[in-house]
Amino acid sequence: MFKTRLADARASIAKFLAFCGPALIISIGYMDPGNYGTDIQGGAAHGYSLLWIVWLASMMAMLLQYLSGKLGIATSMSLPELIREKLKKKIYIIPYWISAEIVAASTDLAEYLGTVIALNLLFGVPLLYAAIFGALDVILILGLTARRFKILEQFFLLFVSVISFGYFYEIFLAKPDPTAILYHSVIPSFANSGALFVAVGVIGATVMPHVLFLHSSLTKDKVKDSTMQQRVQFRKFHKIETIIVLSIAAIVNASIMLMSAVAFNPTNPGLESISEAYKVLIPIFGIAAADIFLITLLCSGIASSVTGTLAGQVIMEGLLGKKVNVWLRRIITRFVNVIPTTIAILV
């Protein structure tokens, strides 16, 4: 009896691990360079006081991602495909598609900039060259993993692990106040109107529309040609994976703000940029901690750009109902971000 139960448990775990991947890819959206920017600004200017916003936004994101993934499992359709089916007429679909593309491109621009900044600060690569190298990262990774999507999921496991362990190390060095963490995690407060603007930024950087579109597509692909009974089991796996992985993402998100609150508040309350944060970290925690900060930023930028490119492809194919050349889509997505960034660097 015991051996039978053990064998069943092992089989169930094996099935769960085989299903895992969608939430892992999605989780990068909650640890991307946009989160670095808003969390650093919030921690530097307002200390621990906006920590409750991070937890609230993370719970909102977890619920929405669960529903998106569940939609893909239940219907075998992605969210963009369902929207196209409901809107029906092109007069409604085209404006929706354009707005969704703008949102995805705007989000990906911040992620791309995170890669450029990390390359510049970590390896001393001039910004202009970093912009070119940063444009090739997504194309290279997606090219290497084109034939086997599981390899891409393993890449994301590596990226998430580096970011997570990197920030656990940063928190170990920072030693934030446990009492303040507990208090500000449950007691809502806004010190001033500036805190309100930062809070909106934290929510905007955490609840990401493009990854909501993508999650449904990833789970849809996982349950292809499965029976109803299998889908019920996949839905349970999806819930477990979403809770575990997005909880880790929420902790990392909160850790960025906590590290910023300890390191920059109140000595550098006006600190707003990632570049400034790196320079200030060196005398406080040492060069190793500052470099680990940049390594996590580089992993975050590359992985979140891959997610953004995949989301753009899903949005375009789902809303327009046409297959898009994968390489053409990836190249266009990168150049949409490269051109304004390069112009800004030259100016």
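The values are calculated or read from the model by the stated rules, or taken from the named source; none is laboratory data. No experiment lies behind these values; they were computed from the predicted model shown. As a convention, Cβ positions derive from the backbone with ideal geometry for all residues, glycine included, and neighbour counts pool all protein chains shown. Surface areas here come from the heavy atoms of the whole protein model, side chains and all, with no ligands, DNA or RNA. Shrake-Rupley method; radii C 1.70, N 1.55, O 1.52, S 1.80 Å.
Going through E317, E276 one at a time, which residue ends up being out of contact with any Leu (no Cβ under 8 Å at 6 or more places or on another chain) and closer than 19 Å to G124 by Cβ?
Values: E317 fails: closer than 19 Å to G124 by Cβ.
Testing whether each residue is out of contact with any Leu (no Cβ under 8 Å at 6 or more places or on another chain) and closer than 19 Å to G124 by Cβ leaves just E276.
Would you be able to tell me the number of residues in the range 1-16 that are open to solvent by 70 Å² or more (accessible area, probe 1.4 Å) and touching a residue at least 24 places away in the same chain (Cβ under 8 Å)?
The qualifying residues number 1.
Condition test on A118, is it modelled with pLDDT of 90 or more, more than 18 Å from T333 (Cβ to Cβ) and open to solvent by less than 50 Å² (accessible area, probe 1.4 Å)?
Working: modelled with pLDDT of 90 or more: yes; more than 18 Å from T333 (Cβ to Cβ): yes; open to solvent by less than 50 Å² (accessible area, probe 1.4 Å): yes.
The answer is yes for A118.
Run down I240, I248 and say which single residue is within 15 Å of S161 (Cα to Cα), in contact (Cβ under 8 Å) with a residue 12 or more places away in the chain and open to solvent by 10 Å² or more (accessible area, probe 1.4 Å). Working first, answer last.
Values: I240 fails: within 15 Å of S161 (Cα to Cα).
Going through I240, I248 in turn, the sole match is I248.
Take V125 and tell me if it is closer than 24 Å to I315 by Cβ, touching a helix residue (DSSP H, G or I) at 6+ places or on another chain (Cβ under 7 Å) and either open to solvent by less than 60 Å² (accessible area, probe 1.4 Å) or of a type in the set (S, T, Y) (or both). Outline the logic, then answer.
Working: closer than 24 Å to I315 by Cβ: no; touching a helix residue (DSSP H, G or I) at 6+ places or on another chain (Cβ under 7 Å): yes; either open to solvent by less than 60 Å² (accessible area, probe 1.4 Å) or of a type in the set (S, T, Y) (or both): yes.
No; evaluated as a whole, the condition is false for this residue.
For E111, state whether it is part of a helix (DSSP H, G or I), open to solvent by 30 Å² or more (accessible area, probe 1.4 Å) and acidic (D, E).
Numbers: part of a helix (DSSP H, G or I): yes; open to solvent by 30 Å² or more (accessible area, probe 1.4 Å): no; acidic (D, E): yes.
It is false that E111 is part of a helix (DSSP H, G or I), open to solvent by 30 Å² or more (accessible area, probe 1.4 Å) and acidic (D, E).
Any residue at all in the range 148-161 that's of a type in the set (D, E, K, R) and touching a Pro at 6+ places or on another chain (Cβ under 6 Å)? Reasoning before the result, please.
Narrowing the range 148-161 to residues of a type in the set (D, E, K, R): 148, 150, 153.
This time we only want the ones that are touching a Pro at 6+ places or on another chain (Cβ under 6 Å), so: none.
No, the range 148-161 has no match at all.
Kindly indicate whether any position in the range 60-72 is in contact with a Leu (Cβ under 6 Å, 6 or more places away or on another chain) and over 23 Å from L319 (Cα atoms).
Looking through the range 60-72, at least one residue is in contact with a Leu (Cβ under 6 Å, 6 or more places away or on another chain) and over 23 Å from L319 (Cα atoms).
If you take the residues of the range 17-29 that are open to solvent by less than 10 Å² (accessible area, probe 1.4 Å) and assigned to a helix (DSSP H, G or I), which of them is farthest from D108 (Cα to Cα)?
F19
Look at Y183 and say whether it is in contact (Cβ under 8 Å) with a residue 24 or more places away in the chain, open to solvent by 30 Å² or more (accessible area, probe 1.4 Å) and hydroxyl-bearing (S, T, Y). Break it down stepwise before answering.
Working: in contact (Cβ under 8 Å) with a residue 24 or more places away in the chain: yes; open to solvent by 30 Å² or more (accessible area, probe 1.4 Å): yes; hydroxyl-bearing (S, T, Y): yes.
Criteria met by Y183.
Any residue in the range 332-347 that is within 12 Å of A135 (Cβ to Cβ) and touching a residue at least 60 places away in the same chain (Cβ under 8 Å) sitting within a Cβ distance under 6 Å of a residue that is surrounded by 15 or more Cβ atoms within 10 Å (Cβ to Cβ) and of a type in the set (S, T, N, Q)? List the pairs, counting only those 6 or more apart or interchain.
T333/T309
Please indicate, with yes or no, whether at least one residue in the range 32-50 is closer than 24 Å to L152 by Cα, among the polar types (S, T, N, Q) and in a helix (DSSP H, G or I). Step through it out loud before you land on a result.
From the range 32-50, those closer than 24 Å to L152 by Cα are 32-36; that's our starting set.
From what is left, the residues that are among the polar types (S, T, N, Q) are 35.
Narrowing further to those that are in a helix (DSSP H, G or I): 35.
Looking through the range 32-50, at least one residue is closer than 24 Å to L152 by Cα, among the polar types (S, T, N, Q) and in a helix (DSSP H, G or I).
Within the range 208-226, count every residue that is open to solvent by 30 Å² or more (accessible area, probe 1.4 Å) and modelled with pLDDT under 90.
Applying the first criterion (open to solvent by 30 Å² or more (accessible area, probe 1.4 Å)) to the range 208-226 yields 209, 212, 220-222, 224-225.
Going one step further and asking which of them are modelled with pLDDT under 90, we end up with 209, 224-225.
Here the count works out to 3.
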